[in-house]
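Input: a single structure, listed below in structure tokens.
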Amino acid sequence: MVGQHNPNVGGEPLKPLRIYLLGPPRVEILEGFAVIPRRQARALLYRLAAGVEPIPRERLCFLFWPDEAEATARRYLSHLLTHLQRALIMPDCFVFNGDQIGLNFQQVWSDVVEFEDLCAYLREPDTQYALQSYGTTGFLRDPAALRLRISLYHGSFLEGFSLPGAAEFEEWSTQKRYALERLYLSAVEMLMEDFAEKGELELAIQYAQRYLDTDPLVEDVHRRLIELYAISGNRNAALRQFEICARILEQELGVSPLPETRLIYQDVLERRIFLKRVIKPKWEPISGANVPLIGRAQAMTWLEEAVQDALAGNEKVILISGEAGMGKSRLLQEFIARLSSNIAVIAGGAHVEACTLPYYPIIQALRSLCHPAEEGAPAPLLRWLPPTLDHIWLVEASRVLPELRTLYPNLPLPLPAASEEARSRLFDALVQIVIGLSTSPLFLRSFSSLLLCLEDLHWADSATLEWLVHFGRQIRGSHLVVLGTYRSEEVDALVDLRQGLKSAQVLTELQLQGLDTSSILLLLSFFRGGTLDRQEEFAEQLYASTGGNPFFLLEVLKSMLEKEETMEVCTGEKYIPLPDTVREVIQARIRRLTPVGRQVLEAGAVIGPVFSFDFLRGVAGRREMEVVNGLDELVARQLLMESGVEYRFPHELVARVVEENLSPVRRQILHRRAGWTLARLNPAAVTALARHFDLGGEPRQALSYYEKAVQQAESLFAWKEAEEHQNRMLVLLERLDPHQNQPDAIMQRGLIWLNRAYHDYLKGKIEDRDKDLEVVKTLAEKLQQKTLYLQFLLQQVRYLNLGGHYKKAITLAEEGMQGIPGEELTSLSRFTVALLYVEIAFAHYLLGQPRQGFSALRSAQVAAGESRNPEIQGPIKHHLGYMHLHRGEYLQALTHQQEALRCHQTARDFNGIAWAELDLGFLYLKLGQFLEAKNHLEASLRLAQRISARPAEIYARTYTGYLKLYQGLYMPALECFRETIQLHQTVHQEHGVVAAEIGLGMALYHLGMDSEAGIRFQHAVERAREVSHRRRLVEALVGWGLIELDEFHLQQAAQILDEAVHLARLSECGENLAAGLAALAQAQRRLGDSSAALKTAIEALTNAQRLALPVCEMWAQMEIGLSCLAAGENERALEHSSRAVSLLPQAYEGWIPTEEVYFSHAKILSAMGSPAEAHYFQQQARILIEKKSQHISDPSQKERYLLQKLPFLS
């Protein structure tokens, strides 16, 4: 039913049941009062009587019993309804419509419903009459209806009634009380102004007093009442009213009256009595609002030249910086206005409220091309994109630009974002669309080039900034220029962007400074149309107060114009109206707004930078025409700007000051309204919804939307934004469960902290990671939640492995699983148990215990059961690859790692993908397939950087160093290893430090820098012993032994290499055993024991051939040849050295320099009387050495290398 009462008909309500809620609540039935003993039953009746619409049972249950199960709450509600029906003795006063409950307003009258019906009636167009002079609130309504509405208001809603222990009901009643009070005060204000306009001052005064009886803190109404007293000639009452106003403001708010109020008081005090009615004027735009661009001629010239240079092929990205209010946007707009018509412009911008929305500025720019400029015309994007553009790019871009699906209705759905490849495709799709536009023949028929303008990049999300670097690297030679702005005080947010663009050599920058006094003089001349007395001094004062900031200057001058102050030099105690900051200037302008204008502005400030009329109206809570009139006032005052069908703030500082001025209660209410309004208008805006419900005091709603925002951010690879959302979730959970006694909240906390620990690990924040894990452990123990404890245990064991504490990791994992009763295992996550066995296997791998590692992986498979879940199969396959790698079985390892990569991709395990790509790169490196190795290592590095996986990124850099080493690029490898040693230490990746130190030692060894190489190998040996990393220990020992051989410490070398071979046998470390045997054979040969050397070299050869290791086989063949030569078996020596030479195409610069093979073969040929052939192979060695030297950029280092190597060939 729409209404219950015709407001044109007066009289008492005639319905049998009458409910009064405005003022102290009471219920009348027939001729007497109804007695309802139970307070909760009365509260239910009051809720039903507060509106005509029936209410779902679910909502009523939540209102009264939010913490009870739904079935229990519904039972309570049924009991309460039964009690209420018995008390009212009117079975037909209730209406039951399905699952909804309401009152039968044919039998029931409610003053609240009557009051709201009158409000709705007053919104009808046929009841209004125009009062043109009252331009601030709009059209006044029927005064008789207004007085009837006011007569119903006997006090605050449910005055004196409360329901202890029902927080949701109290919250609802508070909101309702506030809304009804605003409606009442709006009517009172209208009548006050109506009677003032008609000259009926006594009635106007009565309504002003009535307003202040309800809300005594509204200074505008106090000031209005002082005016009315003054107009009516009652000077004493006017002075007394000012004293009342001052006392109330001081007592309640701790502030003094505004200057405007003091000014009226001074007029009354000095008997400057008003002789005519005070009528608020219509707002007209401020004089001088359309200020020309002043003081930016030099910047404009620079910008024009920079764009011309960019179009000619130079720096393609131009960034304009300056502090807030420096005029960056104005300069950009003026520049665009002056552009030639053959340059197309698309523009977007970041906003402080949109900083966690991935790709927002780019989406905004492209979205402008998705709508036709004229009705019936095709959208520019549809018209200009080349038909040859692969639709796969449109499909990918539709993830963030759904309008493409309207323009191209036959587009298939994008593939699931299952891997980093999806993000790369999205990056490339946006690049291809923008570049495709600028190079399209259809576009070039109308335009010569395209300008992409992106404002306020300091607020841009990380995904946008990463995309811009990616974009900047690909636009050389195009018809594109990127023009962006950012705040210089927030330059830290753009460090990576600027560095990336600088390294791509596409960046040029302009920093704006404040206007000088000569420019300020021009500004003053424009505002006043002529010269002023002592204007140079006044300009200097303005400069001293504002620093020449254009925004601050304009705000000061506008404020002076509005208050009709004289623009002159300020002397004595008079100062320019700008206190310490521009905030006071903005506040002074806000204070001059009408109440409706101020409320509309407050609603806009809470919403954000850009908003629609419907959104604003829902948050402001005002009538439609009131909001329209408020917007007219705000636009005229230039506190808001119209942008099509939307509105925005001309400067972010305005919105910030407005929101800061809100009381905490009002701010919370407005945010809550914003949340519910946005949920109705755009439920997909989950980030904004989470924020509004968070600030609106709705933590459960906020949690729900933050969780969705996390999922949205992760689906677009915006990891930083996802982490920020999770941090807010922790704050909300603390608010909801401060004593940590709610199991669900504790579990949710634990999962968030686990995720945080994982992200800390990826970013290399080890201390933070450990603190986060400690929180999880405490929560798991408090809750006695075994699933959460197992997940904590898994991460703890994983990080112990990465930190080099392998034995401790095994012990902790095994003890942790033993602590769980066997009968409970079925109820726990077998997934987590399986992964714990995988971590045990990893520890055994690092300890050089492959058999135990294989056993642990079998246990992992048993724990996983029949599950083919890629999230568990991926790690199992991955670690099977590690076991085979340890044993030198590289082809088997390769097969397992390829399977692991496929599993990680299916499971969207981006960190797993990065490590699988990394390990595949290393395996291809060991197999001598450098191109494949390079591709996989680069893929790993790109992905690790994009997901901020520091450990994987550092390892990828380390293995890139090995790639350079194996290619004979010793100096680049050396620089790479020096860098990664320190990086591994920052993330406490001990086995990574050892790997980098061994690589550094090998690079130094190949360069002939034996002294430093020996130190590095010794450090690696010590560190590997400390963490019990058997495979790396053997490698370090072999390297150290080679250094000792080079320095002719033959006995010490033999001892070191004996240990290396012994450890390699114990740990079944295939390649290291072959290499250690070959090096030991060299030591034995040089010690004069050619028989032992031959035997050892043959064993090395057998192992190398068994495992198909061409490098080790080549080395072993060379050592057999040299041992045979030492034993006088020249023919046999030549046979084996020739085999070593034949293996060179399959070999790489690993354990020994390949020129040594040429040299050894030449030595054997020379001993056999073949000097010409020997000379040929010596020359081959010389060519190889000189080729390697070309990659040594330091001249002195290059000379040392050649002096060390070339005499070796003489």
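Data overview
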read-out: Cα-based helix-to-principal-axis angle, 870-886 vs the chain, degrees rounded to 10; value: 30 degrees
read-out: Sequence-distant residues sharing a close amide H with residue 549 (under 5 Å, placed H); value: 515
read-out: Quarter of Cα convex hull surface for region 958-1209, i.e. mean projection, nm²; value: 12.5 nm²
read-out: Order of 551, 169 under a 10 Å beta carbon neighbour criterion, fewest first; value: 551, 169
read-out: From phi via Karplus (6.51, -1.76, 1.60), per-residue ³J(HN,Hα) for region 1012-1020 in Hz, x at Gly/Pro; value: 5, 4, x, 4, 5, 5, 5, 4, 5
read-out: Normalised contact order of the chain, rounded percent, pairs of Cα under 8 Å and 6 or more residues apart; value: 5 percent
read-out: Surrounding net charge for residue 1185, when Lys and Arg each add one and Asp and Glu each subtract one, Cβ distance under 14 Å; value: +1
read-out: On Cα atoms only, tilt of 1090-1106 relative to the major axis of the chain in degrees; value: 40 degrees
read-out: Karplus 3J(HN,Hα) series, Hz, for region 916-931 with 6.51 cos²θ - 1.76 cosθ + 1.60 (x for Gly, Pro); value: 5, 4, 4, 5, 5, x, 5, 5, 4, 4, 5, 8, x, 9, 5, 5
read-out: When region 313-511 is reduced to its Cα atoms, the Kirkwood hydrodynamic radius in Å; value: 17.4 Å
read-out: Once the Cα gyration tensor of region 588-698 is diagonalised, semi-axes √(5λ) in Å; value: 21, 15, 13
read-out: Calculated over region 777-916: convex hull of Cα atoms, volume per residue (Å³); value: 109 Å³
read-out: The chain: proportion of alpha-carbon pairs further apart than 39 angstrom, %; value: 65 percent
read-out: Cβ-defined net charge surrounding residue 474, 12 Å radius [Lys, Arg +1; Asp, Glu -1]; value: +2
read-out: Estimated dipole of the chain in Debye, rounded to 20 [Cβ of Lys and Arg +1, of Asp and Glu -1, Cα centre]; value: 1220 debye
read-out: Interchain or long-range residues, amide H under 5 Å from residue 95's placed H; value: 102, 103, 104
read-out: Label-point gap, in nm, between residue 298 and residue 33 - each point 7 angstrom along Cα→Cβ; value: 8.2 nm
read-out: Total formal charge among the other residues, if their Cβ is under 14 angstrom from that of residue 88, Lys/Arg +1 and Asp/Glu -1; value: +4
read-out: The chain: calculated mean residue ellipticity at 222 nm from DSSP helix runs of at least 4, using -39500 (n - 2.57); value: -20500 deg cm²/dmol
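Each value in this text was obtained by applying a stated rule to the coordinates, not by laboratory testing. Please read these numbers as outputs of a predicted model, since none were measured by experiment. Every residue, glycine among them, receives a Cβ derived from its backbone with ideal geometry; neighbour counts consider all protein chains shown.
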